[in-house]
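This report refers to the structure that appears directly beneath it.
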């Protein structure tokens, strides 16, 4: 890279280039990018300018939108765009309801082997939290076995999730009794990272999946789907698409969990509300 390119990373993202990128991002993964997100996108894309050797945002856009440019860059572009906030036991009443109502009900309905789907798993806190609840249910003989499919659009977060390694502060919400069983502490007390136990990690399978796909390739329908704090990034049309596809992949009598700031109001779906942001398929 020449000196001119190195010195032009302070170049700004033009309105034209922003709108071209925003249109691609929306078409690819349904994420809305209003004008208020321009500075955010500009900041996040700077590392892609360096990685691709493009000296300006204009050069980057010329690169990605030329024939074949997105073949190599689309995954990286989407990785920097997606927001991946997550916590263990986030929105804890969902997990209480899962433990106290959903699993006993599914078991009574003949579902003793439970398959669940964390459809926007981020760095893995959600599916590993689900795994702790399910593992405890197996131990109490509420259910016989379980497996979890965890998917996300971002390859970066999937790598992190698959490793099962987290900082101590991130796992603080895990109850002490569960942390003792499922969170491995390092031998070196000076280290600040911990790791989810191999037994729990073995029950979670990770894969990349785009919720904008016409059909979700996840195999047989599942008994539970978590799709939390994702719909807020979509417009109504995209919400209808995603929720309809999710319901198609849920067994009759299965449960859908969405985020507390989200709603399905005004969307015709084969589900009914059974708790706050928890729905059961008819």
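Where a number appears in this text, it was derived from the coordinates with a stated rule and is not lab data. Because the structure is predicted, anything quoted here is derived from the model rather than measured. Don't worry about glycine lacking a Cβ; one is built from the backbone with ideal geometry, like all the others, and counts go over all protein chains shown.
For region 110-150 and region 240-281, what is the separation of their Cα centres, given in Å?
For region 110-150 versus region 240-281, the Cα centre distance is 19 Å.
Counting only Cα, what are the radius of gyration and maximum Cα-Cα distance Dmax of region 60-141, in Å?
Gyration radius and largest Cα-Cα distance of region 60-141: 19.3, 59 Å.
When the gyration tensor of region 3-81 is built from Cα positions, what are the square roots of 5 times its three eigenvalues, in whole Å, from largest to smallest?
Numbers: eigenvalues 72, 43, 22 Å².
Working through the eigenvalues yields semi-axes of 19, 15, 11 Å.
Regarding region 126-198, what are the three Cα extents along the principal axes, ordered largest first, in Å?
Sorted from largest, the Cα extents of region 126-198 read 39, 32, 19 Å.
Take every Cα-Cα distance within region 78-224, group them into 5 Å bins from 0 onward, and report for each bin the whole-number percent of pairs it holds.
2, 9, 19, 21, 21, 15, 9, 4, 1, 0
Across 5 Å bins from 0, what is the distribution of all Cα-Cα pair distances for region 222-273, in whole percents?
5, 20, 35, 28, 11, 1
Suppose the chain between residue 165 and residue 147 were pulled fully straight at 0.36 nm per residue; how much longer would it get relative to their current alpha carbon spacing? Walk me through the numbers on the way to the answer.
Details: separation 18, 0.36 × 18 = 6.48 nm, distance 1.99 nm.
Extra length from residue 165 to residue 147 when fully extended: 4.5 nm.
What ranking, highest mean first, results for peptides 227-240, 114-127, 183-196 when packing means the other Cβ atoms within 10 Å averaged over each residue? All intermediate terms of the calculation are to be shown ahead of the outcome.
On the way: 227-240: 17.6, 114-127: 26.0, 183-196: 13.1.
Top to bottom by mean Cβ count within 10 Å: 114-127, 227-240, 183-196.
If you take every DSSP beta bridge whose two residues both sit in region 183-282, what share of them, in percent to the nearest 5, is antiparallel? Don't skip to the end; give the middle numbers.
Values: 9 of 14 bridges.
Antiparallel bridges: around 65 percent, rounded to the nearest 5.
What whole-number volume per residue, in cubic angstrom, does the convex hull of the C-alpha atoms of the chain give?
Values: hull volume 42.1 nm³, N = 282.
Output value, Cα hull per residue: 149 Å³.
What order, most packed first, do the peptides 197-203, 172-178 have when packing is the mean number of other Cβ atoms within 10 Å of each residue?
So the order, starting with the most tightly packed, is 197-203, 172-178.
Which percent, to the nearest 5, of DSSP beta bridges fully inside the chain are antiparallel?
Values: 12 of 31 bridges.
Roughly 40 percent of the beta bridges in the chain run antiparallel, per DSSP.
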